[in-house]
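Remarks on the structure that follows.
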Amino acid sequence: MSARRQMLDEALSIGRRELGFLTEGDVFEAEKLSKDRERILDEAIRDLDQDNLKKLADKLVEMKSLHDEITDEARRLHSSLRNDLANIKKQNKRIAGYSFGSGNMPRLAKERFVHKKG
């Protein structure tokens, strides 16, 4: 039982480091840590009966709280990325408008007119 509690403590520690990496924006390192945390949690809870689950309830509740924080941070990063991509798309449209206005017409627009002579 103490080994499982120790595994849960290790998973909590990894989860806190994962949250730190997510806060810094390092999603690749956070992904590696999340896989380690998942493996440890699966191993700690595997074949655990109801009585032992109740004994570890405090650690599991703490883990759920940490998981919720990690999920919130990941959603915040996702939203930030979506906004950045939308801004880049708007900027590209604006730059393309300047290019068109300065006389740089795409080849398709030049070739679609029919010459009467010729």
*Accessible surface, 1.4 Å probe, highest first, among residues ASP26, ASP47*: ASP47, ASP26
*What are the ³J(HN,Hα) values, in whole Hz, obtained from phi via the Karplus relation 6.51 cos²θ - 1.76 cosθ + 1.60 with θ = phi - 60°, for each residue of the stretch 58-74 in sequence order, with x given for Gly and Pro?*
4, 5, 5, 5, 4, 5, 5, 4, 5, 4, 4, 5, 4, 5, 4, 5, 5
_Candidate residues PHE28, PHE21: accessible-area rank, largest first, probe 1.4 Å_ = PHE28, PHE21
*Going by accessible area, probe 1.4 Å, with all protein chains left in place, what is the ranking of LEU85, LEU22, largest first?*
LEU85, LEU22
_Rounded to whole Hz, the Karplus (6.51, -1.76, 1.60) HN-Hα couplings of the stretch 31-45, x for glycine and proline_ = 5, 4, 5, 5, 5, 5, 4, 4, 4, 5, 5, 4, 5, 6, 9
*Once the whole set of protein chains is in place, how much accessible area is left on MET1, using a 1.4 Å probe, in Å² to the nearest 10?*
90 Å²
*Subtracting the Cα-Cα distance from 0.36 nm times the residue separation, let me have the gained length for ASP49 to ALA3 in nm, one decimal.*
15.1 nm
*If we count every other residue with Cβ under 15 angstrom of ASN83's Cβ, Lys/Arg +1 and Asp/Glu -1, where does the sum land?*
+4
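The values are calculated or read from the model by the stated rules, or taken from the named source; none is laboratory data. Every value quoted in this text rests on a predicted model; they were computed, and no experiment measured them. With ideal geometry, Cβ positions are generated from the backbone for all residues, glycine too; neighbour counts draw on all protein chains shown. SASA here: full protein model, heavy atoms, side chains in, ligands and nucleic acids out. Shrake-Rupley method; radii C 1.70, N 1.55, O 1.52, S 1.80 Å.
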